[in-house]
1. Any residue in the stretch 50-66 that's on the phi < 0 side of the Ramachandran plot: show its pairings with residues that are among the acidic types (Asp, Glu) and surrounded by fewer than 20 Cβ atoms within 10 Å (Cβ to Cβ) at Cβ separation under 7 Å, as long as the two are six or more apart or on different chains.
2. For the stretch 165-181, which positions are in contact (Cβ under 8 Å) with a residue 40 or more places away in the chain and crowded, with 20+ Cβ neighbours inside 10 Å?
3. Return the total of residues in the stretch 43-55 being surrounded by 15 or more Cβ atoms within 10 Å (Cβ to Cβ) and in contact with a helix residue (DSSP H, G or I) (Cβ under 8 Å, 6 or more places away or on another chain).
4. So, in the stretch 215-274, exactly how many residues are surrounded by fewer than 17 Cβ atoms within 10 Å (Cβ to Cβ) and outside any strand (DSSP E or B)?
5. Could you look through the stretch 83-120, keep only residues that are part of a loop (DSSP other than H, G, I, E, B) and of a type in the set (A, V, I, L, M), and pick out the one that is farthest from TYR195 (Cα to Cα)?
6. Tell me, please, whether a residue that is surrounded by fewer than 21 Cβ atoms within 10 Å (Cβ to Cβ), at pLDDT 95 or above and touching a Pro at 6+ places or on another chain (Cβ under 7 Å) can be found in the stretch 21-42.
7. Checking the structure you have, find out if any residue of the stretch 347-361 is farther than 29 Å from VAL75 by Cα and surrounded by fewer than 20 Cβ atoms within 10 Å (Cβ to Cβ).
8. Going residue by residue through the stretch 68-82, is there one that turns out to be assigned to a helix (DSSP H, G or I) and buried (at least 21 other Cβ atoms within 10 Å of the Cβ)?
Amino acid sequence: MTESGTGPVAFDYLIVGAGYAGSVLAERLARAGRRVLIVDRRAHIGGNAYDCYDDAGVLIHPYGPHIFHTNSADVFAYLSQFTEWRPYQHRVLASVDGQLLPIPINLDTVNQLYGLSLTSFELEDFFASVAEPVAQVRTSEDVVVGKVGRDLYNKFFRGYTRKQWGLDPSELDASVTARVPTRTNRDGRYFADTYQAMPLHGYTRMFQNMLDSPNIKVMLNTDYREIVDVIPWRHMIYTGPVDAFFDHCYGPLPYRSLEFRHETHDVDELFPVGTVNYPNDYGYTRVSEFKHITGQRHHQTSVVYEYPRAEGDPYYPVPRPENAELYKRYEALADAEENVTFVGRLATYRYYNMDQVVAQALATFRRLESDAAAEL
C-alpha cells in the first residue's frame, strides 16, 4: 500500500485502530503538530479497554476486565496526563477442590489446600520436594511442574490453560504460564508491579482526553479500507491483525477469541474479590465483578463470564513456535512497507499487556519523529 491521493494531503497520518497503540500515537503526533485521522471499525474508541455503564448504571468492561499495572514510571507518568487514578491491587481466587484459594499460588494457597501450617521457609522445601526435574524448559507444562510439581499443576493450571488456549500446556510456549509467578509468602496480589491503579473515571474518559485535539479527527464504524483510497494521507499506522492487512496471503495467524456473558444481580456483592478462576469446572475460565475493580458504589452488581473460543474477534496470539515462524513471514512483508508502520498486540503478533503497548507506541513515536527529522 502506498501513499494515498494525488492532491493536497489532508492528513499526515492515517491511524487504523483507536485502542492503546493508535490513541497514544495519535496524541503524540498531534502534540507535535501533525494532522491525524484515526479510524476504527467499532462504534467506540479505546479498543478492548473501552468501558461504559450498563443498563443498571454499573461501570463495566464489555471486553472483559482490564487491570492496569506497570513497572514503568514513564508509562504511568504519560497516562497520568489524561486521568486521575484510583489505587487498586487486583486479587484473584481459584475454585479448586471446593475451596476458593489464592492465585498466584502462595503460602496460604498450599496451607489451605493441603491442611498444612508451613512457614515461608518450609514452603520452599515443599516446592522442592514435589517439583519434577525438567532438563530443558520449553513448554508451559515444563514451567509449572518444574516449580510446583504435578498435583498443583493439574489443580490450578492444566484445565485453565486447556480451556483458555484450546491446547494442552505441553503444546504451548513456556511464556504462557511463566506470566504467573509462584510465591513463598502470603502476598495475595495478582500483580506485583510498582504502579497498580485504575483510571478514576474509567478508561473511556482517559481515551477521550487523549484524543481531544484539533489535530485529531476520529472516524468510527468504519473499516479503513473504505476510506484508504478516498482521503489523502502521507503515512499509515496500522494496529490491526497483521495477517488481515496482507489478506492472509500466507494463511491466517492463529488467535484465541473470547465470548462474554454479562449479568447484573440485585445484590451488593457476589464475590469476595475482583476475579474468580474456574480451572476445572464449567465452560468459562473466570468470572469478574466490576465493582471491586472500579470502586463504584451501587446497590446492584454486574459480573462477566469469559468463555474462550476458537473463532471470533482476535484477542490472544497463540504462542507456539510454528506460529512465530508464520508471523516472521508477515513481519518481512510489514518491514517492506515504506509508508506503513505496524504497532500493537495484533499488528506485531505479541501477547502484550496494556502498559507494554503504551511503551511500544511511545517508542514508535520517537522513531517516527527521528526519521522525519533525518529527512529534512
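1. What qualifies is ILE60/ASP54.
2. Passing the criteria: TRP165, LEU172, VAL176.
3. Selection size over the stretch 43-55: 7.
4. Summing the residues that are surrounded by fewer than 17 Cβ atoms within 10 Å (Cβ to Cβ) and outside any strand (DSSP E or B) in the stretch 215-274 gives 26.
5. LEU116
6. No, that holds for no residue.
7. no
8. Yes, the conditions are met somewhere in the stretch 68-82.
The values are calculated or read from the model by the stated rules, or taken from the named source; none is laboratory data. All values derive from a computational prediction rather than experimental measurement. Neighbour counts are summed over all protein chains in view; Cβ atoms, including those assigned to glycine, are modelled from backbone coordinates with ideal geometry.
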